[in-house]
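Worksheet: one structure, shown below.
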Amino acid sequence: MQDERTELLKLYRQMLLIRRFEEASAKAYSQGKIGGFLHLYIGQEACAVGTLAALEPRDYVVTTYRDHAQALARGTSARACMAELYGKVTGCSKGLGGSMHFFDADNHMLGGHGIVGGHCPIAAGAALASKYRGDGAVTVCFFGEGSATIGAFHEALALSALWNLPIVFICENNEYSMGTPLSRSLSVHDVSQKGPAFGMERDRFGASDVNEVRARMQVAIDRARNESKPTLIEVALYRYRGHSMSDPGKYRTADEIEERKKTDCLLVAEGKLGALGVTEAELLAIAESVDAEVEDAVQFAEASAEPDESLIEAFTYAPGV
Amino acid sequence: MRELRYREALREAMTEEMVRDERVFIMGEEVGHYQGAYKVTEGMLAQFGEKRVMDTPIAEEGFAGIAIGAAMVGLRPIVEFMTWNFSAVAFDQILSNATKLRQMSGGQFTVPIVFRGPNGAARQTAAQHSHAMETFYAQIPGLKVVVPSTAADAKGLMASAIRDDNPVLVLEDERLYGIKGEVPEGEHLVPIGVAAVRRAGTQCTIATWGKMVPVSLEAAELLAAEGVQCEVIDLRSLRPLDHGTVATSVRKTGRLVIVHEAWPYGGPGAELSDRVQRDCFDSLRAPIVRCTGRDASMPYNKKLEELTIPGSATVTQAVRAVMAY
Ligand SMILES: Cc1ncc(C[n+]2csc(CCOP(=O)(O)OP(=O)(O)O)c2C)c(N)n1
C-alpha cells in the first residue's frame, strides 16, 4: 500500500510536470520566445510516463517530434528541455535541435524525429545492437497512427519480427494525424492488428490510467528482454491541443475535446491517489513544487546563452584521425 | 491589374487547369478537408469534390507512385508534398519511375505529372525540415524544375507545368506564400526555361532563384546606394537552365555572383557557373562567386539559422568582393 502510494505519487508528479512544462512552453511560443514547430503532448502524458516507468536505465527510447514528455520522463531536466525550446546552448541538443529534436545520450533518449515513420528503423537498429552485444537492453519506439501508412514503419516491423529484436513498437493513436481523422487515414483503425501479419505479438489499451499503461507495457518489455521478441502495441489516447501551435484544429468540436477530458490521466490519477489516502494538501504541495520547477526552467532558459556561430559546422563530422 | 497572393496565384492556375481539363486532379496530405497545410488548396475541395481533390494518408512513396501510374495511362495528376523535405521518402518514385518510364519504354509512355510544395528553410524548422531539394532534383534528366519567385510566375509556371507532358517539379516557398503581386486574369502561361531580368544594372550580375530573388533585390538596392549597379536575374527554371540570359548579362557587366539557399557543393549554381565561364571567359573581369547556404545541416536556433542562409548582407559582401577583385 505504501509502495503503491509512493509509486503513483511519483508518476503523478511526472505527468503534472509534463503538462505544466508544456503549458509554459505554449505561452513562451505565443510570446515569440520559441520558434519553429511546437507539438504538444497535453492529454497523452500517461502513455510516456507509464511506459518509461517500466524501463531500466540501460533501455533505449526513440520517438517522434512530439517528444517533450519522453525526454522529461526519461530524466532530462526541465531546464535542459526548456533551454532547448528557447534555442539556447544549455539545451539538451545545444539549441541546434529545438522542440522536435530532443536528444539525451546519458539517459538513452535517442531522439525526437521529424520525418513520420523514419525513426522506426532507427529504433529497430538500437534493438539490433542490444541483441548483438547481449546487453539485455530493450528499445521502445513511439509513433503516431499516421506512421502506420508509411513504408519505413512496415519495414521496421518486418525486420524486427524476422530477426526477433528486443523492441516494443508503441502506436500512440490519438485519432487524428494533423487534421486527418482515422476514417481518412487507415482502412483498419486498430493499428495493432498489423502485428500478427508479421507474426508479432500485439496489445491494445487506453491511456487514462498510468498504472495500467505501466503494467501492460511491462509484459511487452519483459517479452523483449527475456525472449528477444518484438511487440506492437496500440495505445488509444487523445491530444487536447492542435497538431502543432499553428493548427487551429477546426476539424473537431469543442464538445468532443471536453468529452475526452473527462478521462484525463491526471484526473484519474488524482482519484486513485485519493483512494490511497493522499490529501488535497499533499496534491497541492506537489503542484507547487512542479510550478516552481517549471518556473526555474523558464528562468534558466531565459538567462542562458545562445549557441556560438562556431556550432553551425561543429557537429557535421565526428573528429577523428 | 488586380493583385493576388502567391498562394492564391498557385491555386488559380490549378483551378483553371482543372476546369479546363477533366484529367487534371490533385492529391496530397491535408489538401482537401483541411484546406491545405499552407492553405494553397483552400476551397478546392468544395469546388471539385473528393474525386479530384484527394486527401492522402502519410504515404509519400505510395501516393507519388500511384500518381505516376495514373499519369502513364492518361491522367494528369498534381501531387502536393506537404513540404519538399518529405519528397525524400518518394525520391525513388521520381528518380527511378517518373523520369525513366519514357526512356525505358522507348518513348511509348509519357508521365505528365506535377509535383509541388514548399521548398527550403521555413522559420526555425531545423535540420530535417529545411532542405533545399533542388540540389538533387535539378540533376535528373527527364525532369523539369521550376522555382517561381513572384505571384505572376506562380500562376504562369504552375499552368505551364500542368500542361507539360513531362514530370515537372514546382518548388514553392513558405516564406513567399503571403507575398502579393499583379497577376493576369485568365490564361497566363510562363514558358518553362526562360529566365527574367528583375533589375537592370551594368556592373555586376546576380543570378538567383526562389526566395533568394527578393533577398538579392534588397542587396542590389543597398549596393546601388554605394554606387554599384547590379543586374538581378531570376532563373525561374533550373532545368532547363537559361544560361543564355545570364551570359548576355555577364558580357555587359563582366562579373557574376550566384546566390542560392542550397548547400554549396554542386547543384544548379555550380552548373550555371560552369556554363557561364565557358560562354563568357573573355568578358569576365573577376572569378564567378557563389553566395550559398553554409555547408552544414540547419540549426534550430534563430540567429544560427539566419547565419546559415544567405541574407542581403552576405550578398552585398559577395558583390563587393567581386567588385574589388
Ligand atoms: C514523411 C512525412 N510526411 C509528412 C510529414 C508532415 N507531418 C508531420 S506530423 C504529421 C501528422 C502525423 O500524425 P500522427 O502520426 O498521427 O502523429 P501525431 O502528430 O498525432 O502524434 C504530418 C503529416 C512528416 N513530418 N513526414
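The figures follow:
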{"read-out": "Some residue of the stretch B:18-38 being under 19 Å from the mean Cα position of the chain (by Cα) and surrounded by fewer than 20 Cβ atoms within 10 Å (Cβ to Cβ)", "value": "no"}
{"read-out": "Within the stretch B:20-66, tally of residues that are away from every other protein chain (no Cβ under 11 Å), in contact with a helix residue (DSSP H, G or I) (Cβ under 6 Å, 6 or more places away or on another chain) and within 12 Å of the ligand (Cβ to nearest atom)", "value": "1"}
{"read-out": "Unique residue being aliphatic (A, V, I, L, M), assigned by TED's automatic domain parsing to the domain that holds residue B:309 and surrounded by fewer than 17 Cβ atoms within 10 Å (Cβ to Cβ) when the list is B:241, B:222, B:235", "value": "B:222"}
{"read-out": "Scan of the stretch A:129-163 for residues that are in contact with a Pro (Cβ under 9 Å, 6 or more places away or on another chain) and either within 16 Å of the ligand (Cβ to nearest atom) or within 14 Å of another protein chain (Cβ to nearest Cβ) (or both), ordered by number", "value": "A:146, A:148, A:149, A:150, A:152, A:153, A:155, A:156, A:157"}
{"read-out": "Residue tally, condition away from the ligand (no atom under 16 Å from the Cβ) and on the phi < 0 side of the Ramachandran plot, over the stretch A:95-124", "value": "9"}
{"read-out": "Tabulated pairs, the stretch B:275-296, first within 14 Å of chain A (Cβ to nearest Cβ) and surrounded by fewer than 14 Cβ atoms within 10 Å (Cβ to Cβ), second in a loop (DSSP other than H, G, I, E, B) and of a type in the set (A, V, I, L, M, F, W, C), C-beta under 8 angstrom, 6+ apart or interchain", "value": "B:295/B:263"}
{"read-out": "Of all residues making up the stretch B:244-273, the number that are among the charged types (D, E, K, R) and either touching a Lys or Arg at 6+ places or on another chain (Cβ under 7 Å) or crowded, with 20+ Cβ neighbours inside 10 Å (or both)", "value": "2"}
{"read-out": "Yes/no for residue B:213 being over 27 Å from residue B:165 (Cα atoms), touching a helix residue (DSSP H, G or I) at 6+ places or on another chain (Cβ under 8 Å) and assigned by TED's automatic domain parsing to the domain that holds residue B:315", "value": "no"}
{"read-out": "Close pairs (8 angstrom Cβ cut-off, 6 or more residues apart or separate chains): touching a residue at least 24 places away in the same chain (Cβ under 8 Å) in the stretch B:71-85, charged (D, E, K, R) and within 11 Å of the ligand (Cβ to nearest atom) anywhere", "value": "B:80/B:29; B:81/B:60; B:82/B:29; B:82/B:30"}
{"read-out": "Residue pairs meeting the criteria (Cβ under 6 Å; at least 6 apart or on separate chains; first of a type in the set (Gly, Ala, Ser), in the stretch A:172-199; second assigned to a helix (DSSP H, G or I) and more than 9 Å from the ligand (Cβ to nearest atom))", "value": "A:199/A:161"}
{"read-out": "Hits in the stretch B:109-156 - residues which are in a loop (DSSP other than H, G, I, E, B) and within 15 Å of the ligand (Cβ to nearest atom)", "value": "B:119, B:122, B:125, B:126, B:130, B:131, B:133"}
{"read-out": "Criterion: surrounded by 19 or more Cβ atoms within 10 Å (Cβ to Cβ), outside any loop (DSSP other than H, G, I, E, B) and among the aromatic types (Phe, Trp, Tyr) - qualifying residue of A:102, A:153", "value": "A:153"}
{"read-out": "Selection count, the stretch B:96-108, where residues are outside any helix (DSSP H, G or I) and surrounded by fewer than 19 Cβ atoms within 10 Å (Cβ to Cβ)", "value": "5"}
{"read-out": "Residue under evaluation residue A:26, criteria (1) surrounded by fewer than 22 Cβ atoms within 10 Å (Cβ to Cβ); (2) in a loop (DSSP other than H, G, I, E, B), criterion not met", "value": "(2)"}
{"read-out": "Looking only at the stretch A:80-96, and only at residues there that are under 17 Å from the mean Cα position of the chain (by Cα) and touching a residue at least 24 places away in the same chain (Cβ under 8 Å), the one that is nearest to the other protein chains (Cβ to nearest Cβ)", "value": "A:85"}
{"read-out": "Only one of A:183, A:192 that is more than 14 Å from chain B (Cβ to nearest Cβ) and either within 18 Å of the chain's Cα centre (by Cα) or within 16 Å of the ligand (Cβ to nearest atom) (or both)", "value": "A:192"}
{"read-out": "Wholly within the stretch B:225-325, helices (runs of 4 or more DSSP H) carrying at least 2 residues that are on the phi < 0 side of the Ramachandran plot and among the aromatic types (Phe, Trp, Tyr)", "value": "none"}
{"read-out": "Considering residues of the stretch A:35-64 that are closer than 28 Å to residue B:303 by Cβ and of a type outside the set (Gly, Ala, Ser) only, the residue farthest from the ligand (Cβ to nearest atom)", "value": "A:38"}
{"read-out": "For residue B:165: the one exception among (1) within 16 Å of residue B:95 (Cβ to Cβ); (2) over 12 Å from the mean Cα position of the chain (by Cα)", "value": "(1)"}
{"read-out": "Counted residues, the stretch A:165-180 - those being within 12 Å of chain B (Cβ to nearest Cβ) and of a type in the set (S, T, N, Q)", "value": "2"}
{"read-out": "Of all residues making up the stretch A:35-77, the number that are closer than 20 Å to residue A:268 by Cα, part of a helix (DSSP H, G or I) and aliphatic (A, V, I, L, M)", "value": "7"}
{"read-out": "Flag for residue A:32 being away from the ligand (no atom under 16 Å from the Cβ), part of a loop (DSSP other than H, G, I, E, B) and among the small types (Gly, Ala, Ser)", "value": "yes"}
{"read-out": "Boolean, residue A:185 is touching a strand residue (DSSP E or B) at 6+ places or on another chain (Cβ under 6 Å) and more than 16 Å from residue A:235 (Cβ to Cβ)", "value": "yes"}
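The values are calculated or read from the model by the stated rules, or taken from the named source; none is laboratory data. Every value quoted in this text rests on a predicted model; they were computed, and no experiment measured them. With ideal geometry, Cβ positions are generated from the backbone for all residues, glycine too; neighbour counts draw on all protein chains shown.
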